[in-house]
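Novice: Quick one: structure below, then a few questions.
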Amino acid sequence: MVPEIVAALIVSVIACGVRIAWRGARARLRRRAQTATHQAASEREPERTRARLVASCVGFVIVSVPLILRLVPPNGMYGFRTGATRSTPEIWYQANAFMGWALSIAAVASATLLIMLPRTLKRWMLWAVFFAPVVGAIVLSFVYLYRL
């Protein structure tokens, strides 16, 4: 019971911090949009998408921290839930820790690429940069689980 409460507290504190940071980023985007009235709305939309995807990467890292720290017990809602992971607690913790690390690394890689790529990219390219590492992390997690 205690690890679940600790994990919930950690996630809620981090979520509040992300919400505050997201509000600040949105305010900066609004100010930038108001000062750049000569830009067309279609030119500003990829930047909003980029900001949202970077915030999603931060969310992935936040969600994976309790998995990495092995604070999440076997349950039906949160974690790497498959028949194999739910059958044995040792497998649950190993697979979830691996998936937490894989998602964190994928999220950091995605966020870094999203920040560094030129502003002229189309929205679909931003989505591809976001999803490719995340899908790779999920596939690697299944390969790791298969080898356990």
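Novice: For the stretch 50-139, divide the Cα radius of gyration by the Kirkwood radius and give the resulting Rg/Rh value with two decimals.
Specialist: With Rg and the Kirkwood Rh in hand, the quotient comes to 1.07.
Novice: Order by neighbour count: ARG81, ARG119, fewest other Cβ atoms within 10 Å first, most last. Can you show the working numbers first?
Specialist: On the way: ARG81 15, ARG119 8.
So the residues, fewest neighbours to most, are ARG119, ARG81.
Each reported figure results from applying straightforward, stated rules to the coordinates on display, with no laboratory input. Values in this document were obtained by computation on a predicted structure and should not be read as measured data. Because the Cβ atoms are built from the backbone with ideal geometry, glycine has one as well, and the counts that use them run over all protein chains shown.
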